[in-house]
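Some notes on the structure that comes next.
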Ligand code: TXA
Ligand code: MG
């Protein structure tokens, strides 16, 4: 059977594959570039090349005590860099990879200590984005990638977000459209083989527990965190943000130029303030996808205070509440 590919589709495919090749070329040169994932955009470099790793820290202005996540193309490739997969980890990997799940596992010596900030554990995942998967398949090394934002700021969910903040520091951004999930990956480690969540993220806790049973949470708000993304103040916009009952907060801060970010309710009758509704249908996945873009939009607008509300503590609502808590502390 002959398959006829429309001319415009053919040229789109050619364009995509040439952009992926360009990304591959830069990474092979030891350069640092922006890449799309299903969670957020990453600032990518060769995970086995110390100069590339140093460049990532420098571009992000990230302290060297904060380790990077390694991205691989396959479970087979992951095995080259970790000592072993405990049974629970293997089950999670089989169920959720490629996807927004990062596993913290004992590293092999080929992973540079610089990448893990001296820790003997490495954070590793297979991202689920078609362009980045194509790219990873063409590379013969894994890719280190923190979120592509200056340290402490909100993660980027479009190529434009990356360009806005890091565009003049990196030679290339692979544009894969807006991120499907919009929140960073869930990070899971193991203590005595028992799974522990270190960062809530793109995989629902309910789905994890359906796979491996009850999972403990250790979101580590201390000053010496296991995952510094879990620092109490992080993922924060520049504008002040408060979380609570919208109507009460609007009354309390009447003198301010207020921006409201709500889950599904319309508060536009209040105070004539700027408002972004994350999901009119009340879909937590849609809200998660739109959250970081909304925070950035508020930062760029006239408002001087962002008011938002607590989300339902279920599904991705838990991770959204976690990010809002950190953004507001
Ligand atoms: O969805 C994601 O995970 C995105 C995309 C690009 O993959 N990446 C991301 O990376 O969010 P980053 O660096 O912004 O956040 C990773 C978090 C940090 O809080 C870091 O401290 C923690 O993971 N982490 C990385 N390696 C670790 C390790 N070896 N031990 C403990 N925590 C680690
Ligand atoms: Mg980050």
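The values are calculated or read from the model by the stated rules, or taken from the named source; none is laboratory data. In this text the structure is predicted, and so the values were computed from the model without any measurement. When we count neighbours, we look across all protein chains shown, and the Cβ atoms used for this are built from the backbone with ideal geometry, even at glycine.
Scanning the range 113-128 for residues that are out of contact with any strand residue (DSSP E or B) (no Cβ under 9 Å at 6 or more places or on another chain) and part of a loop (DSSP other than H, G, I, E, B), which turns out nearest to ligand 2 (Cβ to nearest atom)? Taking the candidates together, the pick is 117.
Give the residue, chosen from 131, 101, that is surrounded by 23 or more Cβ atoms within 10 Å (Cβ to Cβ) and either touching a residue at least 12 places away in the same chain (Cβ under 8 Å) or away from ligand 1 (no atom under 11 Å from the Cβ) (or both).
Going through 131, 101 in turn, just one is surrounded by 23 or more Cβ atoms within 10 Å (Cβ to Cβ) and either touching a residue at least 12 places away in the same chain (Cβ under 8 Å) or away from ligand 1 (no atom under 11 Å from the Cβ) (or both): 101.
When the range 172-200 is filtered for residues that are within 12 Å of ligand 1 (Cβ to nearest atom), part of a loop (DSSP other than H, G, I, E, B) and farther than 21 Å from residue 42 by Cβ, nothing remains. The residues of the range 23-66 that are over 24 Å from residue 160 (Cβ atoms) and under 16 Å from the mean Cα position of the chain (by Cα) amount to a single one, 66. On the basis of being touching a residue at least 40 places away in the same chain (Cβ under 8 Å) and more than 22 Å from residue 137 (Cβ to Cβ), does residue 44 make the cut? Criteria not met by residue 44. For the range 67-109, a residue qualifies if it is within 16 Å of ligand 2 (Cβ to nearest atom), within 22 Å of residue 182 (Cβ to Cβ) and either part of a loop (DSSP other than H, G, I, E, B) or more than 19 Å from the chain's Cα centre (by Cα) (or both), and the qualifying residues are 68, 100. Select from the range 16-34 the residues that are farther than 11 Å from residue 143 by Cα and touching a residue at least 60 places away in the same chain (Cβ under 8 Å) and list them in ascending order. Answer for the range 16-34, where residues must be farther than 11 Å from residue 143 by Cα and touching a residue at least 60 places away in the same chain (Cβ under 8 Å): 16, 17, 19, 20, 21, 22, 23, 26, 31, 34. In the set (1) touching a residue at least 12 places away in the same chain (Cβ under 8 Å); (2) under 20 Å from residue 39 (Cβ atoms), residue 160 fails one condition alone, (1). The single condition among (1) away from ligand 1 (no atom under 16 Å from the Cβ); (2) in a helix (DSSP H, G or I); (3) under 20 Å from the mean Cα position of the chain (by Cα); (4) at pLDDT below 95 that residue 238 does not satisfy is (2). Inspection of the range 149-165 finds no residue satisfying the criterion of being part of a loop (DSSP other than H, G, I, E, B) and away from ligand 2 (no atom under 16 Å from the Cβ).
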